[in-house]
Each structure stands twice: as C-alpha cells, then as structure tokens.
Amino acid sequence: MGRCNVNSVDLGDGSSCNSGVFVEKCKYLEESKCVGICINTCKLPTQTFFKDYMGVPLLMEPNFSDYSCQFKFGVHPPLAEDDAILKEPCLEICPNATRRRELAINSDQCPKAS
C-alpha cells in the first residue's frame, strides 16, 4: 500500500476518533494509474469486506491527484449514487483511457466505475 499513518476521523455522530489511516501514496493506484482498477478492485471490495466480514463500516477516499488514500474506519460509505469518487473521470495517464483514445472510443469514465 505504501507509507501510512493513523489519524483522526469525524464519525457520523459528530464525535471524532483515531480510526483513520492515511496512505501517503498508494502503490496500487500509482502503478495501475487507473480510476476503475482502484474503485473496482480495491475501494469497493475492501469496504464490502470490512462491513460484511468484520462488522466495521469503512469509507475509503482515494485522491487521484496525488495517489493518497484516506481510510475512515467506523464511517459508512455513501450510497453509490452519492459517492463522488465513483463519478471521477479516467486519469489522463491511464493505460485503458489511452487505448480507448487510440481506438476513438468516447468515454470519460472507466467501465463499471459507476
């Protein structure tokens, strides 16, 4: 994942808790350079795993500009239609987006990212 540190996050009840993990530069995102891969093979499955198998709500907030990621344990993720991360466009450097441009396929979003 990369270098990380524990931090405080605001919980739904208005309190805060040291239940956050901030990943300074996610190696997975940095290497894949792909919003769709991040969302579909990391963010959504990890959030689901922690909720369904560990009983802990988790919100993951990847930052596609600097490749950091904020994990917020104890915070419920928004509904898919309200999650701004799922509406992020492809990165200019994404290999899949580059290939779609070469093939003249007009799409700003990675497949299955919404």
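Straight-distance candidates among the lysines for linking to Lys72, with alpha-carbon spacing under 20 Å and chain neighbours fewer than 8 residues away dropped: Lys25, Lys27, Lys43, Lys51, Lys87.
Here's the picture: charge each Lys and Arg Cβ at +1 and each Asp and Glu Cβ at -1 in the range 4-102, and of Val23, Ser65, Thr41 the one pushed furthest to the positive end of that dipole is Thr41. Going from the residue with the fewest nearby Cβ atoms within 10 Å to the one with the most, Glu31, Glu88 rank Glu31, Glu88.
For the range 61-67, the Karplus equation 6.51 cos²θ - 1.76 cosθ + 1.60, evaluated at θ = phi - 60°, returns couplings of 10, x, 10, 7, 7, 10, 6 Hz by residue, with Gly and Pro reported as x.
The label point for Asn18 and the one for Thr41, both projected 7 Å from the Cα toward the Cβ, are 3.5 nm apart.
Applying Stokes-Einstein at 4 °C and 1.567 mPa s to the Kirkwood radius of the range 4-102, computed over alpha-carbon pairs, gives a translational diffusion coefficient of 91 µm² s⁻¹. Using the Cβ of Gln47 as centre and a radius below 11 Å, the other residues enclosed give a net charge of 0, where K and R count +1 and D and E count -1. For the range 18-94, a simple Cβ point-charge model (Lys and Arg +1, Asp and Glu -1, everything else neutral) yields a dipole of about 200 debye relative to the Cα centre.
We did not get these values from a lab; they are worked out from the coordinates using the rules stated. All of these numbers come straight from a predicted model, not from anything done at the bench. Positions of Cβ are backbone-derived with ideal geometry, glycine not excepted, and every protein chain shown enters the neighbour counts.
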